[in-house]
Amino acid sequence: MRKLVVLGGGYGGMRVIERVLGHQLKDVSITLIDRLPYHGLKTEYYALAAGTVSDRDIRIDFPEEIDYIYGQVTDIDAGDKMVLLASGEKVPYDDLVIGLGCEDKYHNVPGAAEFTYSIQTLEESRKTQQAINGLSPGSIVSIVGAGLSGVELASELRESRPDLTVRLFDRGPSVLSFLSSRVSMYVQSWFEEHGVEVINQSNIVRVDADGLWNHEQHFPSDLTVWTAGIQPVAVVRNQGWELDGGGRVKLTPHHYVPEQPDIFVVGDNASLPYAPSGQLAEAQAEQIVQVLLCKWKGVSYPDLPDIKLRGTLGSLGKKAGFGVFMGKQSLTGKVARLLKSGILWKHKVIK
């Protein structure tokens, strides 16, 4: 029996498991190691933090056909082909898929790690939700980073807690300028109309318990959420593998670590020509399964095509949204929000 071990039940790890199970292989066992007893829909963690959904709304049970180990991965022994857990347990593997996700990157900003909240994990999002729920009316919430996570959190929070002052700090000249000018202008206008203060061209240089410094100006803040960058988890960064400028593992064209043909890396930990996303992780996972099937059959690996993404969708509260499809067509308003809700429903219901 060949032992496939998957680290992390995120979008990439789950897609690998689902596709391998679909082939009903009699000689391959699957073991999943995760800190959670279920798959969390990370793209919706902003809504959990804002208090508009419960964690039961954004989690999916793991497949019953696999072995599951609840635990924290502390190291990978590639020589002996073992995964080491915080409990002291050692889990052997024949093939390993690493999808352990990411953590916040604070860019060496003093106080950022100590005095900000996060939405990178379900546990951290719960803590953020509890902290926001405890704020009194009139409190100030600062969100550092105006990418998709920051924009969606700011808009959801504006609708769920209209009694709060919400500030969004954006490094660029306008929010989401990397998508399209139409989307950027629409989102910027939405924030203006709904009373979210957007501070463009920002540069956060320090954070403390009382607020944060943008350039040399101090902004009081009762609670600060950091969404201004991510990096692979430390256990991946510390393996000694070659990394790109973002700390992600450089891979062969078939998604395994150079000179480690039994170790595949998927999702936020992998160096790919796109920004990390759930959609990218799932598309990469599809190719990893193709390679694994060839490996197990003892045949040559196929030439894998370039990964093509369908586009990007985001929400502005429960009634508005935005999107860019195939890098060209922009969509804003209610239809974009309905499309995102439909994709979420499909992900939860259809495997």
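The values are calculated or read from the model by the stated rules, or taken from the named source; none is laboratory data. Predicted model only: the values in this text are computed from it and were never measured. Reconstructed Cβ throughout: ideal geometry from the backbone, glycine too, with neighbour counts over all protein chains shown. Accessible surface areas use protein heavy atoms only, side chains included; no ligands, DNA or RNA. Shrake-Rupley method; radii C 1.70, N 1.55, O 1.52, S 1.80 Å.
Observations on the model:
- Residue 181-residue 290 FRET efficiency (beta carbon distance; Förster radius 45 Å; 0.05 resolution): 0.75
- Reachable lysines, given that their alpha-carbon falls under 25 Å from the alpha-carbon of residue 295 and they are not under 8 places away in the same chain: 3, 26, 81, 90, 250, 308, 351
- Using a Förster distance of 41 Å, the FRET efficiency for residue 159-residue 238 (Cβ separation, nearest 0.05): 0.50
- Each residue, residue 56 and residue 136, gets one label point 7 Å from its Cα in the Cβ direction; the gap between the two is 3.3 nm.
- Accessible surface of the stretch 227-351, 1.4 Å probe, proportion on carbon and sulfur as whole %: 55 percent
- Computed lengthening from residue 75 to residue 319, 0.36 nm per intervening residue step minus Cα-Cα distance: 83.5 nm
- Straightening the chain between residue 334 and residue 210 buys 40.9 nm, computed as 0.36 nm per residue apart minus the Cα-Cα spacing.
- Measuring nothing but protein heavy atoms, the accessible surface of the stretch 111-169 at 1.4 Å probe radius is 50 percent carbon and sulfur.
- Simple label model, 7 Å out from Cα along Cβ direction - residue 108 to residue 174, nm: 3.3 nm
- Surface exposure of the chain, expressed per residue as accessible area with a 1.4 Å probe, stands at 47 Å².
- Spatially, the stretch 246-286 and the stretch 213-235 are offset by 27 Å when compared through their Cα centroids.
- Between the exposed loop cleavage positions of the chain, defined as chymotrypsin sites (Phe, Trp or Tyr not before Pro) in a non-H, G, I, E, B DSSP state with at most 13 neighbouring beta-carbon atoms within 10 angstrom, the longest gap is 1-177.
- Shape category assigned to the stretch 2-77 from the gyration tensor of Cα positions, a/c cut at 1.5: prolate
- Surface listing: 14, 82, 326 arranged by accessible area from highest to lowest gives 326, 82, 14, probe 1.4 Å.
- When the square roots of the Cα gyration tensor eigenvalues are ordered a ≥ b ≥ c, the ratio a/c for the stretch 162-222 is 1.5 or more and a/b does not exceed b/c, which makes its shape oblate.
- Taking 0.36 nm per residue of separation and subtracting the current Cα-Cα distance, fully stretching the chain between residue 94 and residue 275 would add 62.2 nm.
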